[in-house]
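Student: This is the structure I have questions about; it appears just below.
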Amino acid sequence: MKRLLFIFLIFSLVSPALAAIPDECLPYLESNEPQEISESLKLDSLYPNPQDGEEEWIKIKNTGPDTLDLSNYTIEDETQKPWTMSGQIQSSETSQIEGFPFQLNNGSETVTLKTIEGTFLDSISYSSSIAGQIITHESPTETEETPQTTLTTPELYPTFSEALPNPEGSDSTDEWIELFNPYDSILILDGLKLDDAEGGSTAHPLNGTLEPESFLLLWVEDSKLTLNNTTDSIRLLGAQNEVLWEIPYENPKEGESLANFGDYIDWTTSPTPGDENIVTIAEEESTESENSNGNLSENIEISEVFPNPEGPDQDGEWIELTNGSDVPVNLGNWIIDDGEGGSAPYIIPDDTVIGPGETLVIERSESSIALNNSNESVVLSDYTGEIMDQISYESTEEGMSYSLIEIEEMNSEQAGLSELGARIFSTWEWVLPTPGENNPTWKQFKGTVVDFDGLYVTLYDGISNWTLQTAEENTDELFFQPGNKVLARVSIQNDIYRIQYSELLESFVSKTSHKIPYNWILIGCFASTYFGYEMYKKYKKNSVLPSNPLPS
């Protein structure tokens, strides 16, 4: 009784206090925990062209009533590589995002906001930007009316001087085009446009003036003119888009520039950006070599490539070959090449021998093969020109090598020890580089999760339990929920089985949720029948009243 009186007293004191709270303050008493994925997150503005000492940024705004977890959202530019944000954003709050992995173009660009599941939420596009300009949804575009000045094509205009369409290194930053004023008067550039072949990049407008006998050097990052490494042309256009001159070219070699020498235009191995051109004509490639032919073998393969080292790529790239036979192989006149339109093929010297089971690492400094960080291939051919091996990849991971990994499929502990029932196959994976060493061998397990403590997971394969170490940052308890059937590929170091790749084969939740519990249904039917029968007997018994004789 005392406890009931105490509870009543507390309630009577708290209720008037709650009633006295203004309605506008009630939202602050609600939970500030982040809500589920919402479509209330929007892009607010962009800062793509910062001034000196500033950084690019993207602003987002939460237009909804709830706190949002930003790890549920991604932003991306036109490269379409989503970047997941982190942190939280309160209701009606605007947050400035910096340090994203992509760079916003100063020219045409689109920034897109999506959910982690890929649902589109918002985007901002612009066709150009100036230093210090903030781009919003309402920013003027090319289609809006702005004061225009009628431009005419000048009578005199600059000539083509030099271009580097296929530089050593990154084409996206190191390409350039050079113009020259051969006259003794200043040239007016307003109204002129520099362009590549029709249907290619957007023409780059020129402006200002060019002094007599001076060069105008335009880098690709400024002009946005991307020159092809196959067939393309460089054009100067007038005010009405008429072609004033056009310089076509085909299949430029890496590091060679196309230069104007007055009476003719030719390739030179000595690019001179911003300076007078130098005639150093490259020697014609020959299909023949001074080396002697080596051996023919079907057991030489590409085993590892390292296209994206930490730091400058030219300082650490390499390609690794492995001899899978039991005899030495001379690789004289064998050829290594990258993708079409890339580096010149590398002819292996005739004193290059790989011993049985050994590897050979060919550095970029030796082969001059520059591997792209995306959409690249590597081809190995013997001295007859027959392709013996080739690989390709779409993207890279910095500091990781693309490696041929042997996978040993384990059916049980006994099978692994006796080498019975084990199937071996190969796959390409991004791993820590091992130049000159045998690539690691992984073991593959398929089993049911028995236990998971956040770091170690125990799998049962039908015969044995296996304890595997997950990544330390792995907290996906649903993935390793007991009862789930998973596939795991592991590396072995110091008797520790560490998961390198995992795949959910069957979910215990989905399996049990679709299973009809017939046993419980039968028990329920029996129980309800029995209960109904007992109630019926009780009802019949109560409905029959005893007969009492009437008093006489």
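The values are calculated or read from the model by the stated rules, or taken from the named source; none is laboratory data. Given the structure is predicted, the values throughout are model-derived calculations rather than measurements. Positions of Cβ are backbone-derived with ideal geometry, glycine not excepted, and every protein chain shown enters the neighbour counts.
Student: Tally up the residues in the stretch 279-306 that are hydrophobic (A, V, I, L, M, F, W, C) and at pLDDT 85 or above, please.
Tutor: Here is the first cut: in the stretch 279-306, the ones hydrophobic (A, V, I, L, M, F, W, C) are 279, 281-282, 296, 300, 302, 305-306.
Now narrow it down to the ones that are at pLDDT 85 or above: 296, 300, 302, 305-306.
So the answer is 5.
Student: Another question about this same structure. Tell me yes or no: at least one residue of the stretch 194-202 is at pLDDT below 90, over 26 Å from G107 (Cα atoms) and surrounded by fewer than 17 Cβ atoms within 10 Å (Cβ to Cβ).
Tutor: No, the conditions are met nowhere in the stretch 194-202.
Student: Could you tell me whether any residue of the stretch 368-377 is small (G, A, S) and in contact with a helix residue (DSSP H, G or I) (Cβ under 8 Å, 6 or more places away or on another chain)? Can you show your working first?
Tutor: Our first condition is that a residue be small (G, A, S); within the stretch 368-377, this holds for 368, 370, 374, 377.
Add one more test, that the residue is in contact with a helix residue (DSSP H, G or I) (Cβ under 8 Å, 6 or more places away or on another chain), and what stays is 370.
Yes.
Student: Here is a further query. Have a look at N49, N32, N62, N72 and point out the one that is within 18 Å of T110 (Cβ to Cβ) and either at pLDDT 50 or above or surrounded by 10 or more Cβ atoms within 10 Å (Cβ to Cβ) (or both). Steps first, please.
Tutor: On the way: N32 fails: within 18 Å of T110 (Cβ to Cβ); N62 fails: within 18 Å of T110 (Cβ to Cβ); N72 fails: within 18 Å of T110 (Cβ to Cβ).
Selected residue: N49, the only one of N49, N32, N62, N72 that is within 18 Å of T110 (Cβ to Cβ) and either at pLDDT 50 or above or surrounded by 10 or more Cβ atoms within 10 Å (Cβ to Cβ) (or both).
Student: Now a separate question. Cβ-Cβ below 7 Å, separation at least six or inter-chain, first residue in the stretch 39-58 and assigned by TED's automatic domain parsing to the domain that holds S91 and on the phi < 0 side of the Ramachandran plot, second crowded, with 20+ Cβ neighbours inside 10 Å and in a loop (DSSP other than H, G, I, E, B): which pairs?
Tutor: Hits for this filter: L46/L104; P48/L104; P48/S129; N49/S129; E56/P48; E56/L104.
Student: A further question follows. Of all residues in the stretch 441-466, which are part of a loop (DSSP other than H, G, I, E, B) and surrounded by fewer than 15 Cβ atoms within 10 Å (Cβ to Cβ)?
Tutor: Restricting attention to the stretch 441-466, the residues satisfying the condition of being part of a loop (DSSP other than H, G, I, E, B) are 453-455, 461-464.
The answer is D453, G454, L455, G462, I463.
Student: Sticking with this one: Scan the stretch 133-152 for residues that are loosely packed, with under 14 Cβ neighbours inside 10 Å and modelled with pLDDT of 60 or more and report the count.
Tutor: So the first thing to find is which residues in the stretch 133-152 are loosely packed, with under 14 Cβ neighbours inside 10 Å, and the list is 136-138, 140-150, 152.
Now restrict to residues that are modelled with pLDDT of 60 or more: 136-138, 152.
Result for the stretch 133-152: 4.
Student: Of everything in the stretch 75-91, what is under 18 Å from I37 (Cβ atoms) and either surrounded by fewer than 17 Cβ atoms within 10 Å (Cβ to Cβ) or not aliphatic (A, V, I, L, M) (or both)? Give them in sequence order.
Tutor: Step one: of the stretch 75-91, the residues under 18 Å from I37 (Cβ atoms) are 75-76, 82-91.
Passing the criteria: E76, P82, W83, T84, S86, G87, Q88, Q90, S91.
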